[in-house]
Amino acid sequence: MGANIGIPSSEDLFLLHEGSLFHSYRILGAHVSKVKEQEGVRFAVWAPHARNVHVLGDFNEWQSGEHPMNKVSTLGLWMVFIPVAREGDYYKFEIQSQSGQILLKADPYAFYSELRPGTASRVVDLDGYAWQDEAWQQKKQEASSYNKPLSIYEVHMGTWRKKDRNSEEMYTYEQLTTELVDYAVEMGYTHIEVMPLAEHPFDRSWGYQATGYYSVTSRHGEPKDFMRFVDTCHQKGIGVIMDWVPGHFCKDSHGLRMFDGKPLYEYEDPRKAEKLEWGTLTFDFGRPEVQSFLISNAVFWMDMYHMDGIRVDAVASMLHLNFGRWDEAPIKNKYGGDENLEAIDFIRKLNKVIFEYFPHALMMAEDSTDWPLVTAPVHEGGLGFNYKWNMGWMNDMLKYMKMDPIHRRYHHKLITFSFMYAWSENYVLPLSHDEVVHGKRSLLNKMPGDYWQKFANLRVLYGYMSGHPGKKLLFMGSEFGQFDEWKDLEEVDWFLLDGYEKHEQMHRYVKALNQFYLKEPALWQLDHSPDGFSWINPHDETQSVVTFLRKGESPEDELILVCNFTPVVHPDYRIGVPKHGVYEIVFNSDNQEFGGSGQGNSLPITSVISPMHGQAYSLALCIPPLAAVYIKCVSEFQAENNEVEGGNQICAVKNVLLCSSLEEKGED
């Protein structure tokens, strides 16, 4: 971090209290350092309402009064250098409030924490890890993420695997490095999104009620063990995204709540501070020191841990003053509206800073509202994220897929409406942990029908998802069709891959689908442009079939996706196609190796000169039941001339008429 770690200049103090010290973790917290060649630890904490502050720890046997801190800023920064303190020591701040109350607080800027249920902070030096990810960092600069494949595997680190299925002992960062990284590579994912990462007291909060924003959770090992995990991901071509929670924090007494005896990190107005729905407290986004704390935290994870991106949780709760307050008297901003103007300014400031330091970062908003311009640049009036989770698509698709196929024809718009707004933002299509917990059932168990149909429904959902514009995210366990919903204290049901054929086949299918997605530029190269998509037929609600075209930068990359959302085989389903030539099915979710029925065309299909669906040509193919079928023109006929006469297109094409005639007669 540099030679002057922990020694604030007057400019640093000014920026901290202005809300613009974006590396505040280099000053606050505990830093192993030297003063006049004497080794020790420098401690710093912001506590403007405190009467006195002491440091208690292993180095003074937790005795009060041994190491008082000095107030070095009129706005409440306290510091002390303790020569007898060493790396590995546990410590807390003893804060005497203005009323005389004694508070024992964990360090808000601690880099490491005592393993729960302990609540002390721990001195650790984050310097010295030898990163080996230069090639990855260079590769990120070569092309925008918008024009690259992005397939995210969302992982809860505590339950991806356990050391024993019936054990409470979690995998270490070292074990995750050994197994999870290789698994993600094998399965064809481009990124891992990890949850939870910041320290938190209660396992079942999944990290969404944090106490240590700068402290990588001690549940799985040491900070440098997690650095090695990220480094290994990068060396093997996998990016890492952090699930980040700047909207609220928990009320545990050792945490941020009433930190120096008065509201400090939370709003002073209890109506604005209380997140009634979750029992947490909202950060005071208008307070400059809180802005320095949170923005520095996002910078910290990318700086010190080389994170590639951040998924910002619960953005809607930040944007709206009355989020979760339906039974309370509404809070209004100065214009009489519901918008949290301070949070909006904070979010814009956050994104501007991140992209200034890390131009290729992924900043993803988990926003469940229709707030406009979430992924538009700040200078154009947007919030400044570069991706938004498409919660509308997710809700519509799951509502549709849960229906008995006989009823889907009456709700066809649920699978087509998303194209009305698909390019209004840069979207990620999420099938996340939130959809498979708290009684919502697993994705597989949401599907209707008998045993076979459940798996077929899930395959067509994933196939449609891969073809739909937008990047992709899938929660662990869903890749092999876990039957039970996610159990947040137990490992994923890996035993299903040991002798349960349908789950093995689903696993094989997702791996093949991911690899197909990676190699087909049409599925991601123009993801965020309408030029990468065109409908062929969105209107076949009677048979619950949709057909569309995905395009890459090269015409040769074009793919046609046909999805059949009923268990009915269509042996001679005709669609319009843009090219005249020979087509092949290049991916079929109904293949027997994936657990399907094996329906579909095994031989190439030749188009005919018969306009349909606004296309100049058409072809007939067999559409399997509950299936997603991708077809591609593998050989295009070269027309010598084209003319239109009497409304009929006449093409002089080499070897075309004979082929077309034979196909229409059903002859080989």
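Laboratory data are not the source of any read-out in this text; all were calculated from the coordinates shown. Just so we're clear, the structure is a prediction, and the values are computed from it rather than from any experiment. In this analysis, Cβ positions are derived from the backbone assuming ideal geometry, glycine residues included, and neighbour counts consider all displayed protein chains.
Debye-formula intensities of the stretch 592-636, expressed as log10 I(q)/I(0) at q = 0.16, 0.17 Å⁻¹, are -0.54, -0.60 (one equal scatterer per alpha-carbon, no solvent). The stretch 217-235 and the stretch 553-580 have Cα centres spaced 44 Å apart.
Extent along the principal axes, Cα only, for the chain: 97, 57, 50 Å, with the longest axis given first.
So if I average 1/r over every pair of distinct C-alpha atoms in the stretch 188-244 and take the inverse, what Kirkwood radius in Å does that give? About 12.0 Å, per the Kirkwood formula over Cα pairs. Helix 341-357 and the long axis of the chain differ in direction by around 80°, with both axes built from C-alpha atoms. A compact globular protein would have a Cα radius of gyration near 2.2 N^0.38 Å; the ratio found for the stretch 95-237 is 1.22. Dividing the convex hull volume of the alpha carbon atoms of the stretch 1-72 by its residue count gives 106 Å³ per residue. Cα-Cα pairs above 24 Å in the stretch 10-122: how many percent? Percent of Cα pairs beyond 24 Å in the stretch 10-122: 22.
Taking Cα atoms, how many degrees apart are the long axis of helix 223-235 and the longest axis of the chain, rounded to 10 and kept between 0 and 90? The angle comes out at about 30 degrees.
Within a straight-line Cα-Cα reach of under 24 Å, residue 349 can be paired with the following lysines, leaving aside sequence neighbours fewer than 8 residues apart in one chain: 140, 272, 275, 332, 334, 388. The Cα atoms of the stretch 279-378 define a convex hull whose projected area, averaged across directions, is 7.3 nm². Among 280, 542, 172, the order by Cβ neighbours within 10 angstrom, fewest to most, reads 542, 172, 280.
Each label point was placed 7 Å from the Cα along the Cα-to-Cβ direction; for residue 500 and residue 487 their separation is 1.1 nm. Summarising the label geometry, the points placed 7 Å from Cα in the beta-carbon direction at residue 339 and residue 38 lie 5.5 nm from one another.
The label-point distance for residue 169 and residue 205, in a model that sets each label 7 Å from Cα toward Cβ, rounds to 2.7 nm. Across every direction, the projection of the convex hull enclosing the Cα atoms of the stretch 418-521 has a mean area of 7.6 nm².
For the stretch 300-439, the fraction of alpha-carbon pairs lying more than 20 Å apart is 57 percent, rounded to a whole number.
Convex hull volume of the C-alpha atoms in the stretch 417-464, normalised per residue: 100 Å³.
For the chain, adding -39500 (n - 2.57) for each run of n ≥ 4 DSSP H residues and dividing by the number of residues yields -7000 deg cm²/dmol at 222 nm.
Our Cα-only numbers for the stretch 388-453 put the radius of gyration and Dmax at 13.0, 38 Å.
The packing ranking, built from the mean of other Cβ atoms within 10 Å per residue, places the peptides 173-180, 437-444 in the order 173-180, 437-444, highest first. Principal-axis analysis of the Cα atoms of the chain puts helix 288-304 at an angle of about 60° to the longest axis. Going from the fewest other Cβ atoms within 10 Å to the most, the residues 421, 630 appear in the order 421, 630. Exposure proxy shown here: for 122, 165, 325, the number of other Cβ atoms within 10 Å sets the order, fewest to most, as 165, 325, 122. All C-alpha to C-alpha distances of the stretch 493-623, sorted into 5 Å bins beginning at zero, yield P(r) values of 2, 9, 16, 20, 20, 16, 9, 4, 2, 1, 0 percent in whole numbers.
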